[in-house]
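The values are calculated or read from the model by the stated rules, or taken from the named source; none is laboratory data. What you see is a predicted model; the values in this text were computed from it and never measured. Please note: Cβ atoms are built from the backbone with ideal geometry, for glycine as well, and neighbour counts cover all protein chains shown. Accessible surface is based on the protein model in full, side chains and every heavy atom, while ligands, DNA and RNA are left aside. Shrake-Rupley method; radii C 1.70, N 1.55, O 1.52, S 1.80 Å.
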Amino acid sequence: ELTFDLSVHDLFLCWENGATLVVASEKELRMPSSYINEHGITCWFSVPSLAYQVRLQEDLVPGAFPTLRSSLFCGEALPTIVATEWVRAAPNSIVENWYGPTEATIACSRYILGEESIADDTVPIGKAFDAMELLVLDTDLTPLPTGEAGELFLAGAQVATGYLNDPEKTAASFVTLPDGKPAYRTGDRAAFGEDGNVRFLGRVDNQVKVRGFRIELGEIEAALRSASSGLNAVALAWPGGAEIATSIVAALETEDADIAAIQAAISTTLPDYMVPSMIFCVPEFPKNASGKVDRRGLGEVLVERSRIESEADTSGLSKEAAFLLKSILTHAPL
């Protein structure tokens, strides 16, 4: 989409260097691996959700993309398992994870993947570009030591001065630090690693409260990915839209999965109040115009799936028949 700031990078960087811009059609985006190979793509820049799609289609295999020499990902957290498999699939490519909200267009940090193993579930967002600075600050805007999580702020030449005709939103997001430096409040949780790379830890607003416990939804999603061999996972507070959440539900982007085994596995690493009460299999997560996972849209899908399941009339049916009916109505794995 032209309204997605990352498209500006694709357009002008390409033309400035005399390259050919190959615009994928909607049909081609349904089969990204075929698109790459049929057009001989050499430089790839996308959100990680598209790489997940390649993996779901079982096309992310060693040597799959020999023409690629530069693979860039930005816009969402990049799962380590997907990045590692992409490195093998594109053996001639440099693979990088970029970070940069629209307010500091287009990107302001990067992490270049090498042969080193990454301990975290997601790839670090790396180190700042020239003229930019990544700051992990406490609630009083003081810098936090290495390894301690806080909110990520951005400072430097790329940071905007505010939002057009919206002084209230500008005042909330663009702040002046104690040393007089202007900075942008990203709303992302992060921490500096010992190697100087910044680790992305999720959104500040993805912290929810359930049964009195504060929960980071990103931790649940990481556990689900680990237990499901790297499936895309989203965790949501439940009921959706309620003032007080009573539990957690989750979705895995797949046609089928052993839900019982996954719940048993995450129960060994997460406290009981963080284990999703329901896990749904959704063949394809809804995406927004930028290709990112639409969490709100996915929540609506899960609400509808739950409603259908709860309203299924199983009276007069055997236990086995009732289970079969609900599985059919909700497209759940049998």
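Values as computed for the structure displayed
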{"read-out": "Residue match in region 15-27 (condition: outside any loop (DSSP other than H, G, I, E, B) and either open to solvent by less than 70 Å² (accessible area, probe 1.4 Å) or hydroxyl-bearing (S, T, Y) (or both))", "value": "no"}
{"read-out": "Flag if E76 is modelled with pLDDT under 95 and charged (D, E, K, R)", "value": "yes"}
{"read-out": "Checking Y273 against (1) open to solvent by less than 60 Å² (accessible area, probe 1.4 Å); (2) not in a helix (DSSP H, G or I), the condition it does not meet", "value": "(2)"}
{"read-out": "V210 modelled with pLDDT of 95 or more and not small (G, A, S)", "value": "no"}
{"read-out": "From G299, G291, residue being part of a loop (DSSP other than H, G, I, E, B) and within 19 Å of G202 (Cα to Cα)", "value": "G291"}
{"read-out": "Residue in region 41-52 that is at negative phi, in a loop (DSSP other than H, G, I, E, B), open to solvent by less than 60 Å² (accessible area, probe 1.4 Å) and free of Cβ contacts under 8 Å to residues at least 40 places away in the same chain present", "value": "yes"}
{"read-out": "Contacts under 9 angstrom Cβ, first residue in region 250-271 being in contact (Cβ under 8 Å) with a residue 60 or more places away in the chain, partner open to solvent by less than 10 Å² (accessible area, probe 1.4 Å) and assigned to a loop (DSSP other than H, G, I, E, B), 6 or more apart", "value": "E253/F285"}
{"read-out": "Pairs where the first residue, in region 13-36, is within 13 Å of V54 (Cβ to Cβ) and the second is open to solvent by 100 Å² or more (accessible area, probe 1.4 Å) and part of a helix (DSSP H, G or I), C-beta under 9 Å, 6+ apart", "value": "E28/E38"}
{"read-out": "Count - residues of region 53-63 that are assigned to a loop (DSSP other than H, G, I, E, B), surrounded by fewer than 21 Cβ atoms within 10 Å (Cβ to Cβ) and not charged (D, E, K, R)", "value": "4"}
{"read-out": "Some residue of region 64-85 being surrounded by fewer than 14 Cβ atoms within 10 Å (Cβ to Cβ) and within 24 Å of V293 (Cβ to Cβ)", "value": "no"}
{"read-out": "Selection from region 243-267 of residues that are farther than 16 Å from S229 by Cβ and open to solvent by 50 Å² or more (accessible area, probe 1.4 Å)", "value": "E243, I244, T246, S267"}
{"read-out": "Complete set of residues in region 154-180 that are surrounded by 14 or more Cβ atoms within 10 Å (Cβ to Cβ) and out of contact with any Pro (no Cβ under 9 Å at 6 or more places or on another chain)", "value": "G156, Q158, A160, G162, Y163, T170, S173, L177"}
{"read-out": "One residue from S226, S277, S247 being over 22 Å from G100 (Cα atoms), touching a Lys or Arg at 6+ places or on another chain (Cβ under 9 Å) and of a type in the set (S, T, N, Q)", "value": "S247"}
{"read-out": "Any chance D195 is in a strand (DSSP E or B) and within 30 Å of G156 (Cα to Cα)", "value": "no"}
{"read-out": "Residue satisfying all of: in region 207-240; open to solvent by 40 Å² or more (accessible area, probe 1.4 Å) and among the small types (G, A, S); farthest from I279 (Cα to Cα) among these", "value": "G212"}
{"read-out": "Any pair with Cβ under 7 angstrom, 6 or more apart, that starts in region 66-78 at a residue that is within 13 Å of G100 (Cβ to Cβ) and ends at one that is small (G, A, S) and buried (at least 19 other Cβ atoms within 10 Å of the Cβ)", "value": "F73/S46; F73/A51; C74/G100; C74/A107; E76/S49"}
{"read-out": "Matching residues, region 30-47, being at pLDDT below 95 and over 15 Å from E284 (Cβ atoms)", "value": "F45, S46"}
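To keep it simple, each residue is scored yes or no on (1) of a type in the set (A, V, I, L, M); (2) assigned to a strand (DSSP E or B); (3) open to solvent by 60 Å² or more (accessible area, probe 1.4 Å).
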| site | (1), (2), (3) |
| --- | --- |
| N97 | no, yes, no |
| I106 | yes, no, no |
| G114 | no, no, no |
| A119 | yes, no, yes |
| E133 | no, yes, yes |
| V136 | yes, yes, no |
| L141 | yes, no, no |
| L152 | yes, yes, no |
